[in-house]
Amino acid sequence: MKSKFSKKAEKYTKVAFFSSLIIILFFYSLFRISKSRTFQFFGEIIARVETDKKIVALTFDDAPTVHSDEVLDILAEKGVVATFYVIGQNIEKYPEEARNIVEAGHELGNHSYSHQRFLLKPLSFVELEIERTNQLIREVGYEGEITFRPPYGKKLFVLPWYLFRYDIKTIMVDVEAETFMPKLESEEEKRDFAIDYTIEKTESGSIILLHPLCESCKPSRDAIEPIIDGLQAKEYQFVTVTELLENR
Ligand SMILES: [Zn+2]
């Protein structure tokens with residue numbers, strides 16, 4: 001027969017076990033929500049648009065860099081518009097490249113000032129990151145609506161609340177080849193994966209993301225032209241993110 005003491009110990013062990021389980025589940029759910037493309041606690045979050053029209057938005061993150069002009073040349077040659085999510089610090093470093101994007105008629109979106117994760121950051125940090133970058137976006141001549149894409153797709157409470165309060169739309173993505181790229185050796189294989197994946201997964205209303213602007217991002221840069229050709233062959237038209245949103 002169990003003593004009164006061991007019964008009590010057993011009860012406490014059970015309570016401790018289930019409490020820990022609930023706490024772990026709670027934090028795991030928050031972690032999942034922080035990276036969700038379709039749910040956040042406040043305001044609108046858009047990963048794609050429901051539309052019957054064959055329109056898609058091509059988006060590029062972490063702009064501008066020394067490689068932006070190469071991307072602009074490809075877009076100009078193809079007669080296609082895109083949306084560039086810019087980092088405030090990069091605009092300060094490459095203001096000419098930022099102006100070139102605007103002058104070529106593309107859209108600018110806000111991708112924060114310093115490209116840090118926004119999880120567990122105070123409101124003052126969120127305000128500074130977004131407002132400073134919006135100001136820089138205006139200084140390089142962009143006049144349209146500014147949407148926001150969180151760095152690393154991360155957000156939880158404060159960021160969505162701030163964006164909701166200022167009526168700024170959170171733009172995620174539904175076709176992102178780089179995230180699902182297997183371990184590949186050569187640049188050609190990486191480029192080909194990005195091309196095939198993007199053309200296969202894109203549907204009417206898709207928001208496509210590529211990271212073609214860093215030094216080691218050549219496979220994604222080289223994928224842009226074949227992706228445009230492949231999607232145009234399937235009769236898709238390219239629009240900016242805000243144009244896409246008007247077609248909801
Ligand atoms: Zn980024």
_Rounded to 10°, Cα long-axis angle of helix 123-139 versus longest principal axis of the chain_ = 0 degrees
*Rounded FRET efficiency, nearest 0.05, which uses the C-beta distance separating residue 10 from residue 89 and R0 of 51 Å*: 0.35
*Any lysines with Cα under 27 Å of the residue 154 Cα? List them, leaving off those in the same chain fewer than 8 positions away.*
35, 93, 121, 169, 183, 190, 201, 218
*If you line up the long axis of helix 187-201 against the longest principal axis of the chain, both from Cα atoms, how many degrees apart are they, to the nearest 10?*
80 degrees
*Lys/Arg Cβ at +1, Asp/Glu Cβ at -1, dipole of the chain taken about the Cα centre: which of 20, 142, 46 is farthest positive-ward?*
20
_5 Å is the cut-off here: which amide hydrogens, built 1.01 Å from N in the peptide plane, fall below it relative to residue 55, excluding neighbours closer than 5 in sequence?_
205, 237
_Where labels lie 7 Å past Cα in the beta-carbon direction, separation of residue 96 and residue 29 in nm_ = 5.4 nm
*Cleavage-rule hits, GluC sites (Glu not before Pro), segment 193-248, DSSP coil, Cβ neighbours within 10 Å at most 15*: 203, 215, 235
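Fewest Cβ neighbours within 10 Å first, please rank 24, 55 accordingly.
Numbers: 24 10, 55 17.
Starting with the residue having the fewest Cβ neighbours, the order is 24, 55.
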*Length-normalised contact order for segment 14-121 - Cα pairs under 8 Å, 6+ apart - percent*: 22 percent
*Mind putting a number on the dipole of segment 119-248 about its Cα centre? Charges go on the C-beta only, +1 for Lys and Arg and -1 for Asp and Glu, and I need it in Debye to the nearest 20.*
680 debye
*Determine, for each peptide in 147-153, 178-184, 58-64, the mean count of other beta carbons within 10 angstrom over its residues, then list the peptides with the highest first.*
58-64, 147-153, 178-184
*At what distance in angstrom do the alpha carbon centres of segment 36-50 and segment 65-83 lie from each other?*
27 Å
*residue 229 paired with residue 41, simple spin-label distance in nm, labels 7 Å along Cα-to-beta-carbon*: 4.8 nm
_At 222 nm, what value in deg cm²/dmol follows for the chain if DSSP H runs of at least 4 each add -39500 (n - 2.57) and the sum is divided by all its residues, to the nearest 500?_
-15500 deg cm²/dmol
_If the only charges are +1 at each Lys and Arg Cβ and -1 at each Asp and Glu Cβ, what is the size of the charge dipole of the chain around the Cα centre, to the nearest 20 debye?_
2680 debye
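Sorted from fewest to most neighbouring beta carbons within 10 Å, what does the list 113, 12 look like? If you can, show how the numbers build up before the last one.
Working: 113 24, 12 10.
Fewest to most other Cβ atoms nearby, the residues stand as 12, 113.
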*So who's got an amide H within less than 5 Å of the one on residue 109, skipping anything under 5 residues away but keeping other chains? H placed 1.01 Å off N, in plane.*
84, 85, 86
*asked:* Only bridges whose two residues both fall in the chain count here: according to DSSP, what percent of them are antiparallel, nearest 5?
replied: 5 percent
_Sites residue 120 and residue 214, calculated FRET efficiency, Cβ-Cβ separation with R0 25 Å, nearest 0.05_ = 0.40
_Just to compare against my own numbers: the Cα pair-distance distribution for the chain, 10 Å bins, whole % per bin, please._
7, 29, 32, 17, 6, 5, 3, 1, 0
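Sort 120, 159, 245 by Cβ crowding within 10 Å, fewest neighbours at the top. Walk me through the intermediate numbers first.
Numbers: 120 11, 159 27, 245 20.
The order, fewest Cβ neighbours first, is 120, 245, 159.
Express the relative contact order of segment 102-196 as a whole percentage, based on alpha carbon pairs under 8 Å and six or more residues apart in sequence.
On the way: 90 pairs, mean separation 28.2, N = 95.
That works out to 30 percent.
Over the chain, what is the relative contact order in percent, taking alpha-carbon pairs closer than 8 angstrom and at least six residues apart?
Values: 440 pairs, mean separation 73.5, N = 248.
Relative contact order for the chain comes out at 30 percent.
Each reported figure results from applying straightforward, stated rules to the coordinates on display, with no laboratory input. This structure is a prediction, so every number in the text was calculated from the model and none was measured. Because the Cβ atoms are built from the backbone with ideal geometry, glycine has one as well, and the counts that use them run over all protein chains shown.
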